[in-house]
1. Using helices alone, what [θ] at 222 nm do you get for the protein assembly as shown, with -39,500 (n - 2.57) per DSSP H run of 4 or more residues, divided over all residues and rounded to the nearest 500?
2. At a 1.4 Å probe, what is the % contribution of carbon and sulfur to the accessible area of chain B?
3. Identify which of B:CYS92, B:CYS25, B:CYS162 has the largest mean-square fluctuation in a Gaussian network model of chain B, with springs joining Cα atoms closer than 10 Å.
4. Just add up the charged neighbours of B:PRO156: K/R +1, D/E -1, any other residue whose Cβ is under 12 Å from the Cβ of B:PRO156.
5. If you fit an axis through the alpha-carbon atoms of helix B:160-171 and take the longest principal axis of the Cα set of chain B, what angle between them do you get, 0 to 90°, nearest 10?
6. Sorting check: for A:61-67, A:122-128, B:182-188, which peptide has the highest mean count of neighbouring beta carbons within 10 Å, and how do the rest follow?
7. If you project the alpha carbons of the stretch B:3-118 onto their three principal axes, what span does each projection cover, largest first, in Å?
8. Taking trypsin sites (Lys or Arg not before Pro) that fall in a DSSP loop and have at most 13 other Cβ atoms within 10 Å as cut points, what is the longest piece of chain B between them?
Amino acid sequence: MADYFQEMGWQPLSEGQAPNHLLHFARLFRDYNIFDESLTQSLAPPASKSVVENLPSITINGQGVKCPVCLKEHSEGETVKKMPCNHTFHAECILPWLAKTNSCPLCRFELATDDEDYEAFRKEKIRAKAREADIEILHNSMFS
Amino acid sequence: MANIAAQRIRREFKEVIKSEEVAKCAIKVELLNDSYTELKGEITGPPDTAYEGGTFVLEIKVPETYPFNPPKVRFITKIWHPNISSVTGAICLDILKDQWAAAMTLRTVLLSLQALLSAAEPDDPQDAVVAKQFKENIEMFQMTARHWTNVYAGGPHVNKECDDKIKRLVDMGVEEHQARVALSSYNWDIERATEQLFS
Ligand SMILES: [Zn+2]
Ligand SMILES: [Zn+2]
């Protein structure tokens, strides 16, 4: 039984713990191959506080790069925040956005959130994509 | 208005004015007041669609929290489209709601709306009557959308039969737009439209 849970990346409910319905729906949809994008379309939660606090600051070297939020060009020597996707923003431009939702305003690269339900849901989404890809590879190898 | 919103619009304004779409007359933005909170947008109907040849005017309201929240946009020009209310001009488009991102601009909004005219999403409708017609009778939908483009957006004239049916209802004392809505909603069946109008 433990192997089954491990393999699926699930955890058995502990004493007195209620099931996570959102997660169960995600699994249900995945298992029936009807993972619906529209379910994921409500606004994603804010970025995790610790991830935001740890966003590196860099000093601008050179010219011609604009902050995608205010559209002002960064000036030489200015200190800005850098996202993992390498996009750079003024702190006062990116912080209010990440307090609202977890993705890069330019490329939608997603930062981790502090929302457990959302994180579980996102994991299921990635798993569903991987499974789709697996099925396609299997299908192609069978029919080509 | 919050400084960041006004400054942003001012910068964007220059960007849109200089963009190649403006040069091609595909999109246009105009300021309606000095505080940059209200603008008028314009898009042309995409070629090879029922909206071809039409010019569609949009109301754009910029919130204080822009660009952290999307602008509020609706069609002023009446239009027959599954994702746009034929009554209020309200738009169902994800980027104007939960898929907005702070790096999007008025230019990307106008281009997305133009794309929406090329590719309707009837499964996510704003106007249920139009969406139903789109799914059940695409030719009827095309004809109706073309007719609306002709009458309200200055597009080419296409179908005299539509005009004649509207005229018959107008002669019976029905207001012209009301007659057009009733006929459009009932696949140009004049008897059913009349029944609905006089019931
Ligand atoms: Zn900025
Ligand atoms: Zn990015």
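1. -13000 deg cm²/dmol
2. Numbers: 4840 of 9600 Å².
Result for chain B: 50 percent of the exposed heavy-atom area is carbon or sulfur.
3. B:CYS25
4. 0
5. Taking Cα atoms only, the helix is inclined about 80 degrees.
6. Details: A:61-67: 11.9, A:122-128: 16.0, B:182-188: 20.4.
Most protected by this proxy first, the peptides run B:182-188, A:122-128, A:61-67.
7. So the extents along the principal axes, rounded to whole Å, are 40, 30, 24.
8. Looking at chain B, B:98-199 is the longest stretch - no exposed trypsin sites (Lys or Arg not before Pro) with at most 13 other Cβ atoms within 10 Å.
The values are calculated or read from the model by the stated rules, or taken from the named source; none is laboratory data. Not measured: the values here are computed from a predicted model. For neighbour counting, all protein chains shown are included, and Cβ atoms are generated from backbone atoms with ideal geometry for every residue, glycine included. Remember, those area values only see protein heavy atoms, side chains included, never the ligands or the DNA or RNA. Shrake-Rupley method; radii C 1.70, N 1.55, O 1.52, S 1.80 Å.
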